[in-house]
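The values are calculated or read from the model by the stated rules, or taken from the named source; none is laboratory data. It should be emphasised that the depicted structure is a prediction, and the values quoted were computed from it without experimental measurement. No Cβ is skipped: glycine too gets one built from the backbone with ideal geometry, and neighbour counts run over all protein chains shown.
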C-alpha cells in the first residue's frame, strides 16, 4: 500500500467549494478536478440518505478547513475499505482537454471545476504525472501493478466486443447466443453502456467477470479482481469515471444529440460530481459452508435466501467537527470502523482543548443495511440445518432485497476480531465474518420463486447498467451459475436426454420409472406422466402478462379409489419428481395453507404476504392427498385455481391476485371407504360435480382380485419388505434425478405446435366422443364429451409431443391422448345403470338415465293430478308416491320424488300445502 | 508413552497438555492440528477405564460445579447445527497455540495475520432427552461425584433449546475445531464430547448487526453490541466419541444358547418380560404386552422403500379416574406403562397429550430470531414415544394444535419431522416408534398402523392399578431386569434373514387368502410382513421361518378379532 501523497483534496472540501465558485474561480485549478481526485471524486451530494447536499447553504462558506492530516479521504463506497489511492492514468490527456475547455467555455466549466483555496494541497496532484515509470504502484505484497491494471481495464472497457464472449463461451462449451448480425459482435459493448449510463444518470456498471476472461488482454484481471478486490475495484472505479468523462467529451465534440454546447457541459459537470461504481458479478457461486479463512478479503459469490434485513442504518463516513471557539472545521474520516474525535483544535493559533464539536448535518453518511442470508434448501447437505451469513449492503443496494428473496450476491469476505469484553485487551482469538456486498442479483424462477406480486413495480430493480454485459439473453443470466459449474456435465446430460428421447419405447420407460415400487396401474402412470409434462400455455406472452386471457396448459388429474391402492405413494413420487412439487394433505391444510396468508413480519412490523402451497407450486404440480376431506372453503379456492389459475386474496387490507398456474394431482377416497360399483362416481365421492369436471383425467383405481396379478404383487412386496437390502425392482428404469431432469428439460425447451393432420384427428376424435352420446332410441342426448374434454385432449396431445421432444403435435400424439381420455372416461363416466358413457354425470352429477327417470315421473305425476284422483283437493303425498310405485317397474326413491315435485313446484305447475305427513299436492289451475 | 501419568496430567490441566502437544518438536506439522489433537486424546483415553476417569458433565454435576477449563465429557444430543462457524486465530504472533478458548493478548497495532485464521464449528448440544436413568448410569459409570446439595438448583440456560424444557437438563455451546468430524454431526445425533469446559458469550447463537463496522464516535451511541450477550457454558471439544445406534450394545442373537441355560433362553426371557409388563402395567393383558414389546423393538430399516416402524394404538385404555385419595397428585396421570418402559428401554419418552399441551407446546423445532428452538418431537433416533390421550378433553384445537397433531402424524407415517425455518422447511429423518394410548376404540387424533384393544378389568380399582405410582411397581430381580434389557436392546439392533422358501410360502399364502377373501389387500400383506419380522426379532431368531410367520400371523389375527369384537360391543352399548 503506497502511502498517498498529500495531493488529493477531500471531496467534502470540493462540495463546500462548489458553491464557492465566485471566491475561487481560479483557472489554475482546472486540471485537478478529475485527474487528481481519485475515487474520492464523488461528492456526497449524490448520496442518497443523510447527505449534506443542501447543507452548504446554511453554513458559512468561509470556514477554514483542515483536511485530516493522517489520511486522504478514500473512496466513498461503503463496500470497499481500500487503503490504496490511485493516480489516474489518463491525466495528461484529460488535462489537455480540460485546458481546452477552460479556453473555450470558462464560465460554465470553471464554476464546477474550481477548487477552493483551502484545499490547496490538492493542486499538487496534476503535477505528478502518473505515467512516469518511477510511479509504479503495486498492491502491497504482490507484484500486481495498479497502473497496469488500470490500463488493462481501460482497454477492456474500450475494446471489449461481444464476439470475444461468444468465442470464449464456445471454447468452454457453453451454450451461447447466436449473434443476429456480424456487426453485433463487433459493437463495443461497454462504450455503449457508458453512454447509456450517462443518459440515464446511472452510476453503477455491472461487470460480468466472465467478460474479463473472455477478452484476451484482460484475462489476468479476473484473478486480480478476485484476489485483491479492495484495491482493484477502486482502480476500476477510477477508470470508469475517467472513461465516462472521455466518452462524454468525445460525444460532445462529435456533437451528439443532447451533448451540444451548454447541455453537454452540464452533463460533463454532472458526471464529474458523481461516484461511479463497478459492480462485478458472474463468479461461480459457492456454498456458504465453503467460505473459509483463506477467502478473507477476497471476492466471493454465494447464493441464499434473505431471512431478515435491518432498516437502513445511516453509517457515518466522514465526521465534521467545528471548533466552538474559532469556528475552524475539521473532517475526520472513518478508519477501521472508528472515528477519532480530535482532542484539540488543529489550528495552531487556537489549539483550544475540547472545543471540537460534531456538526451532524455536515457529516457524511452512507446507507447501510445488514441482511441475514440463509442457505437455500437445495444447498443444505442432508440432515443439516441451514447456515446463515451476514451481509452488509451499502448505498444503492440497500432495500433492493426483501426477506424471502433468493439472492446471488458477490462480495468481499471479511473477518473482524471479536473482543469478548470491550474494555479488555485480550481477545479470545475469535473472528466474526460477514460479506461486504458489491453486487446483488435477485434470483428468479426458482422453486420458492420471487413473488413479483408482492412488490411494487420498478421499486426493486437492482441498480446499475449493463447487467448482463456478455450479450447473453435473460434466460442465460438465470442460468449463469449453472453455466459456470460443470457446463460440460450439463451438456452431457442434455445429450443423454436427447438420446433417450429417441428411444422408441421412451413413453413406456418413463411411465415405468414414475413410481417403480407401485405395481401395474400403467394408464394412471401414463396420465400422470403427461401431467408432469403439461400442455403448452397459450397466449401467455401475447395476452399481456398475468392479467391477460390465458388458456391453461396444465393438466389436472384426480385419482379415486379404494384405500390401499398406493394413491398416496404415487402422489409422493410426483412430489419428488415435479419441478416445483408441493405436497399437501386435504385434511391437514386449511384454506390458508393452500392459498396465501397475511402475517406481520416480526422485524419490520410490516404486513407481508406468505404464499401457500398453491402459489408456491406456481408452474409446478400441487399434489393434494385426501382431496375429499378438504373443507368447503378450501375447495372453493380450487375452483378459481383450476380454471382461472389465480388465487385471489382479500385479507388485512391486502387485496391481490396471485398466480397459481399449477397442475393439480389429487387423490380421493370413496365415501363408504370402499367404492360402490353400483353407484355413479359423483355418488361415490363427496365432491361437487363442478369441481370434478375440472379434472382432465379422472381415474378410478379399484382393487381387483386376480390370481396372477396377486402373485406378482406378493412377490414384489415380499422382495421389498423382507429382504435386507431392498431394491426397487431390477427392471430397466430411469433413476429419479434423470427422470426429473428429462421432464424439466422438456418443459422448458419444448413448445410443440399442433400440425394440420393432428388437428384434423382432434376434431375427428372429439366428434366420435360426442357422437357416443347419440341415442337413436331417445330424443334426449346424453352429454358424452364437452368442449372441456376437447381442451383436455389438446393438452394431453401437446404433453405427449413434449414427452417425445418433438416440436410438433402429430397424429400419434392425438391418438394416445384420445386413448387415455377414453380409458379415463370409460372408468369414470360410465353410468352404472345403463353401462353407457355419460359425461353429464361428471358435469352435473345427474346422469341421463336419472334424467329420463325424472322426466317419466314428472309426466306420471301430472297425469295423476289431472286425472280423477286429483280433484280440487289434490293428492296426499304418500298416496301419490304409492300410486307411482305401483305404476312403475323400478323402485322409486322418495328423494327422487321429492326432487321432481320441487321442480314442478318451481315451474308453477303444482302446489304443495300442509306439513309433513299431511302434505297435499295440488295442480295449479290454468297452468 | 501414554502412561497413567499422561492421563492424569490431561485430567488436571488439559490446556497445558494442549500447549505441550502444540510445541512438541516431533509434531512439526500444524497443518491439521485439530485432527492431531483428536487423535492424540482418543489415544490417551482409549481404554474404558481411562475414559471413565474423565468427569462427566450431567444433571448431577452441572457446569457450575466444575472449575473453569476443566476436562469433561458430555454425552449429548446435537440440538442445533445452524450457528455459523467461527474463525479463530490458530497461532498467536508469538507462535503460541490458539483456539480451544485460549486467550491471546491483542497486539498493539491490532494487525492480524489472516493466514493463521482457522474455522471452528459451533453447535448447541443438550443432555440426551428421553434417556432412561439406567442407561445413563451404565454409560456414565457408577462414579458419582459427591452430590452437593446445590445441584438441584441448577437452572439451565437457553432451556428453549431442550425438547422438554421443564425437565432437568443441561445445554452447552459446543465448539469443534476438527471441522471434518463436525460436518458429520446432524441434529438429534447422540455423541460424547470430550473437551475443555469454559464460559463464553454465545456470539454465534444470536444475531447482531455487524456492529464493529458501525462508526462510533462519542456522540453516536452504539446500540446493541456484543456486550449485552449472556454467557453460556461452552465446551471446546478435543475429540468426539460416537455411540452405536442403540446407544448401548448388546449381542444379537443372545449369546446364551437355549440348551446351555434354559433360564436365559430368549424365548423364556421374552415370555417372562411379557408377563411382567402385563402384570405391572397392563392389567394382566399379555396380548397387549406382547404388542408393546414388538412396538418397542421396531425401528427404521430403510427409507427407500420406506420400511418404517409401525405405529401402535393401544385402545380401550381407561382414563385415570379422579380418585379423591390423590388430591395433591399432579393433574396429568402417567400410566404405569411409562415407568415400565423406562425400566427396560434405553430411550423412551412419554408425551401426555392435553388440549393445553397441543395448543401451546411446540412439537416441531422452529428457528426464531435465528435460534433453533427445540420441539417436543426433536428426539434422538431410536426413541420409543408413548403418547397418552387420556388428558384430552372437549375443547378447541387452535392452529398450533392442528400443526402439532399433523407433525406427530407425519412422524408416524413417514418418520420425518419438518423443522421450521424462515421462509422454508427442512425435513429431518426421525426414528421414533410411536405408541398411542387412547380411551376409545380408536385414537381420537392419530391414524396408526396397528391398533390393539386392552382387555383388562375396568373397575375403578383396576384402573387405579394402571396408574399406580412408581413405588408400587414390583421390579424383578436385578439379574432378570438385565436379561429383559439385553433382550430388547439386542433385538433393536438385530437382523433377520428371510429364506427363499419362506418368501415363496408367504407369496402363496397371500394369493390363497385373497381368493378366499376379497377384502385382503396388499396393505395386509405389508403389515403382516413387518409384524413377522419384529416377531422374529423379539425371539432373537436369525431367520424368519415358516413357523414364526404362522405364529405372527395367528398373533395378528387374534388382534384383529379382538378389535372387531370390541368395536361391535362398544357400538351396541
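Can you confirm whether region B:67-81 contains a residue that is within 7 Å of chain A (Cβ to nearest Cβ), within 22 Å of residue A:290 (Cβ to Cβ) and modelled with pLDDT under 85? No; the residues of region B:67-81 include none that is within 7 Å of chain A (Cβ to nearest Cβ), within 22 Å of residue A:290 (Cβ to Cβ) and modelled with pLDDT under 85. Of the numbered criteria (1) modelled with pLDDT of 90 or more; (2) touching a helix residue (DSSP H, G or I) at 6+ places or on another chain (Cβ under 8 Å); (3) within 11 Å of chain A (Cβ to nearest Cβ), the one residue B:236 fails is (2). For region A:305-314, filtered to residues that are more than 7 Å from every other protein chain (Cβ to nearest Cβ) and assigned to a loop (DSSP other than H, G, I, E, B), the residue that is surrounded by the fewest Cβ atoms within 10 Å (Cβ to Cβ) is A:311. Only one entry in A:426, A:433 is within 7 Å of another protein chain (Cβ to nearest Cβ) and at pLDDT below 55, namely A:426. Every condition in (1) surrounded by 22 or more Cβ atoms within 10 Å (Cβ to Cβ); (2) away from every other protein chain (no Cβ under 14 Å); (3) not in a strand (DSSP E or B) holds for residue B:404 except the one numbered (2).
Residues checked against (1) under 23 Å from residue A:157 (Cα atoms); (2) more than 35 Å from the chain's Cα centre (by Cα); (3) crowded, with 23+ Cβ neighbours inside 10 Å:
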position: A:239; (1), (2), (3): yes, no, yes
position: A:246; (1), (2), (3): yes, yes, no
position: A:252; (1), (2), (3): yes, yes, no
position: A:255; (1), (2), (3): yes, yes, no
position: A:263; (1), (2), (3): no, yes, no
position: A:270; (1), (2), (3): yes, yes, no
position: A:277; (1), (2), (3): yes, no, yes
position: A:292; (1), (2), (3): no, no, no
position: A:303; (1), (2), (3): no, no, no
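Considering only residues in region A:338-355 that are touching a residue at least 12 places away in the same chain (Cβ under 8 Å) and at the interface with chain B (Cβ under 10 Å from one of its Cβ atoms), the one that is surrounded by the most Cβ atoms within 10 Å (Cβ to Cβ) turns out to be A:339.
Residues in region B:483-502 that are part of a helix (DSSP H, G or I) and surrounded by 13 or more Cβ atoms within 10 Å (Cβ to Cβ): B:483, B:484, B:485, B:486, B:487, B:488, B:489, B:490, B:491, B:492, B:493, B:502.
Say whether the condition of being away from every other protein chain (no Cβ under 14 Å), within 30 Å of residue A:497 (Cβ to Cβ), modelled with pLDDT under 70 and surrounded by fewer than 17 Cβ atoms within 10 Å (Cβ to Cβ) is met by at least one residue in region A:732-753. Please lay out each step first, then the result.
Taking region A:732-753 as the starting set, the residues that turn out to be away from every other protein chain (no Cβ under 14 Å) are A:732, A:734, A:738-753.
Filter once more, so that each one left must be within 30 Å of residue A:497 (Cβ to Cβ): A:732, A:734, A:738-753.
Right, trim to modelled with pLDDT under 70 and you get A:732.
Among the residues that remain, those that are also surrounded by fewer than 17 Cβ atoms within 10 Å (Cβ to Cβ) are: A:732.
Checked against the condition, which is being away from every other protein chain (no Cβ under 14 Å), within 30 Å of residue A:497 (Cβ to Cβ), modelled with pLDDT under 70 and surrounded by fewer than 17 Cβ atoms within 10 Å (Cβ to Cβ), region A:732-753 yields at least one hit.
Which one is nearest to the other protein chains (Cβ to nearest Cβ), of the residues in region A:406-423 that are modelled with pLDDT of 75 or more and within 21 Å of residue B:182 (Cβ to Cβ)? It comes out as A:415. Could you check residue A:403 against (1) surrounded by fewer than 23 Cβ atoms within 10 Å (Cβ to Cβ); (2) modelled with pLDDT of 75 or more and say which number it fails? Result: residue A:403 fails condition (2) only. When residue B:113 is tested against (1) within 14 Å of chain A (Cβ to nearest Cβ); (2) at pLDDT below 75; (3) closer than 21 Å to residue B:190 by Cα, just one condition goes unmet, and that condition is (3). If you go through region B:503-555 and pick out every residue that is more than 13 Å from chain A (Cβ to nearest Cβ), touching a residue at least 60 places away in the same chain (Cβ under 8 Å) and in a helix (DSSP H, G or I), you end up with 2.
Just one of the numbered conditions (1) under 30 Å from residue A:306 (Cβ atoms); (2) at pLDDT below 90 is not true of residue B:365; which one? Only one criterion is unmet by residue B:365, namely (2). Here is the figure for region A:287-303: residues that are touching a residue at least 40 places away in the same chain (Cβ under 8 Å), within 11 Å of another protein chain (Cβ to nearest Cβ) and not in a loop (DSSP other than H, G, I, E, B) total 4.
Before we move on, is residue B:469 away from chain A (no Cβ under 14 Å) and out of contact with any helix residue (DSSP H, G or I) (no Cβ under 9 Å at 6 or more places or on another chain)? Here the answer is no, as residue B:469 does not meet what is asked. Which condition from (1) modelled with pLDDT of 90 or more; (2) away from chain A (no Cβ under 14 Å); (3) in a loop (DSSP other than H, G, I, E, B) is the one that residue B:440 breaks? Failing condition for residue B:440: (1). Residues that are more than 8 Å from every other protein chain (Cβ to nearest Cβ) and surrounded by 21 or more Cβ atoms within 10 Å (Cβ to Cβ) were ranked within region A:366-387; the one that is nearest to residue A:316 (Cα to Cα) is A:366.
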